[in-house]
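Engineer: Below you will find the structure I want to go over with you.
Just so it is clear, none of the values below were taken in a lab; they were calculated from the coordinates. Note that the coordinates shown come from a computational prediction; the quantities given were computed from them, not determined experimentally. Backbone-built Cβ (ideal geometry, glycine too); neighbour counts: all protein chains shown.
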Amino acid sequence: MEQEAQLDQLSKMFYYKLHKTDFGTMIAVCDKELLGKTLKNKDLDFFVNPRFYGEAEINEKILELIVDVNDGNVIGNKIVKLLLKNQVISKESIIKIGKINHAQFTIL
């Protein structure tokens, strides 16, 4: 039983937070290891703010939440790869911050 709990924790690869806006619900998601880090890219410092990205841990079930949101802001190579694979985002929506992928999307 303890081993199952440890495996479940390991599978939780992302932090996310849902934000209510005037236009609906936006989801912010980051790869777990990026939360609280500052990413650097030339003249840009990007802080992966826990108040914006980090309310709860989740695994690939994040896809179940994304179907109910209007907009998203994601950072991290794992989450971007997952969303690309599931056709939530396109390659054109991805920018790099250093070696880390970042994307924003709107679901119409």
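Engineer: Give me the percent of DSSP beta bridges within region 2-106 that run antiparallel, rounded to the nearest 5. Working shown, then result.
Structural biologist: Numbers: 24 of 29 bridges.
Among the beta bridges of region 2-106, antiparallel pairing accounts for roughly 85 percent.
Engineer: Then there is this: Using the Cβ atoms and a cut-off under 14 Å, what net charge is assigned to the surroundings of Leu39, where Lys and Arg are +1 and Asp and Glu are -1? Intermediate values should be presented prior to the final figure.
Structural biologist: Working: positive: Lys37, Lys40, Lys42, Lys96, Lys99; negative: Asp31, Glu33, Asp43, Asp45.
That works out to +1.
Engineer: Bin width 10 Å, origin at 0, all Cα-Cα pairs of the chain: what percent of pairs per bin?
Structural biologist: 14, 47, 31, 7, 1
Engineer: Something else about it: So if R0 is 22 Å, what FRET efficiency would Arg51 and Lys12 give, r being the distance between their Cβ atoms, rounded to the nearest 0.05? Write out the running numbers ahead of the final one.
Structural biologist: Working: r = 19 Å, r/R0 = 0.88.
For R0 = 22 Å, the calculated efficiency reads 0.70.
Engineer: Which order do peptides 72-78, 22-28 fall in by mean Cβ count within 10 Å, highest first?
Structural biologist: On the way: 72-78: 21.6, 22-28: 14.6.
Listed from highest to lowest mean packing, they are 72-78, 22-28.
Engineer: Around Asn70, with a cut-off of 14 angstrom between Cβ atoms, what is the net charge of the other residues, counting Lys and Arg +1 and Asp and Glu -1? If you can, show how the numbers build up before the last one.
Structural biologist: On the way: positive: Lys20; negative: Asp22, Asp68, Asp71.
Here the charged neighbours net out to -2.
Engineer: Any chance you could run the full-extension gain for Lys20 through Leu65? It's 0.36 nm times the residue separation minus the Cα-Cα distance, nm to one decimal.
Structural biologist: On the way: separation 45, 0.36 × 45 = 16.20 nm, distance 1.36 nm.
Net length gain for the segment: 14.8 nm.
Engineer: Continuing with the same structure: Calculate the FRET efficiency for Glu33 and Leu108 from the Cβ-Cβ distance with a Förster distance of 25 Å, rounded to the nearest 0.05. Intermediate values should be presented prior to the final figure.
Structural biologist: Details: r = 32 Å, r/R0 = 1.27.
Efficiency for this residue pair is about 0.20.
Engineer: Relative contact order (percent) for the chain, with alpha-carbon contacts under 8 angstrom and 6 or more residues of separation?
Structural biologist: On the way: 184 pairs, mean separation 28.4, N = 108.
The normalised contact order for the chain reaches 26 percent.
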